[in-house]
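The values are calculated or read from the model by the stated rules, or taken from the named source; none is laboratory data. Only a predicted model underlies this, so the values are computations on that prediction, with no experimental measurement involved. All Cβ positions, even for glycine, are placed from backbone atoms using ideal geometry, and neighbour counts span all protein chains on display.
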Amino acid sequence: MKLSKSLFKVWAVFKRELTDYFSSPVAYVFIIIFLMLSGFFTFYVSHLFEVGQAELTLFFEWHPWIFLLLIPAATMRLWSEEKKIGTIELIMTFPITLTEIILGKFFAAWIFIGIALIMTFPMILTVCYLGDPDTGAIFCSYIGSFLMAGAFISIGLMTSSLTKSQVISFILSVVLSLFFVLAGYSPVCEVFTGWTPVWFIDIITNLSFLTHFASIKRGVIDFRDLVYFFSIICFMLFCNGTILHNK
């Protein structure tokens, strides 16, 4: 009974936040920009048609970099706006826990990004028309992209709780997310090669979204990769709750 009431409250916050996305131009602008950037980088930068292979590897390779800028923009208002207009104090007086509010906001943003990912289905139709792609690898890549998006969202939600300014929230989210992306970027790893222990480089590499996303893109969903992304999400949401609880 208590669990069902808690889920109902999370659902109420979820509906409110998701409705807020689509009741303003933010959602539509985000989706359009995401689709345009995905298509531009896939077809005009990576030259999908010229590669001669019916696969979406080049499409998914750009997701971490696109998410790096777009997801902080989509999440920067989640707490900052509440603080700026003073509704956060009103929300805290409702018979709802801070955890339920955080989960409602997080899942609303995650589903919103999921909708944007679903809108890229013409990419699948394109490669199916060109040849016989590995649909299993494509399916796994979408799951990996969705999980990675959740990690980006949890970071954006946490940084949004730190300030009333959406601009500052955006910058903090980009900087922190950039760390998790660049940690596994080949040029960055090469900087540490030769003068640091191998185990240290492995730790840095394993902290990266790129490392775990690349593993899933190969078509195998490793339990360690799932644990990694859910650990990032849980840790960031925990930090979010701690920040708000102490303010």
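Here are a few things to note about the model shown:
- Odd one out for E55 among (1) more than 20 Å from S154 (Cα to Cα); (2) in a helix (DSSP H, G or I); (3) acidic (D, E): (2)
- Residues that are out of contact with any Ser or Thr (no Cβ under 8 Å at 6 or more places or on another chain), at pLDDT 80 or above and farther than 21 Å from A74 by Cα number at least 2 in the following helices (runs of 4 or more DSSP H) confined to region 132-228: 135-160, 209-217.
- Counting the residues of region 126-137 that are among the aliphatic types (A, V, I, L, M) and within 24 Å of the chain's Cα centre (by Cα) gives 1.
- Here A27 fulfils each of the conditions (1) modelled with pLDDT under 85; (2) under 23 Å from I243 (Cα atoms); (3) in contact with a helix residue (DSSP H, G or I) (Cβ under 9 Å, 6 or more places away or on another chain); (4) of a type in the set (G, A, S) apart from (2).
- Residue in region 78-96 that is of a type in the set (V, I, T), in contact (Cβ under 8 Å) with a residue 12 or more places away in the chain and under 28 Å from C140 (Cα atoms) present: no
- In region 5-46, residue nearest to W110 (Cα to Cα) [restricted to those that are in a helix (DSSP H, G or I) and among the small types (G, A, S)]: A27
- Cβ pairs under 8 Å, 6+ apart, first in region 108-133 and more than 22 Å from H47 (Cα to Cα), second of a type in the set (S, T, N, Q): A109/T75
- Residues of region 110-123 classified as in contact with a Leu (Cβ under 7 Å, 6 or more places away or on another chain), part of a helix (DSSP H, G or I) and either among the aliphatic types (A, V, I, L, M) or on the phi > 0 side of the Ramachandran plot (or both), total: 2
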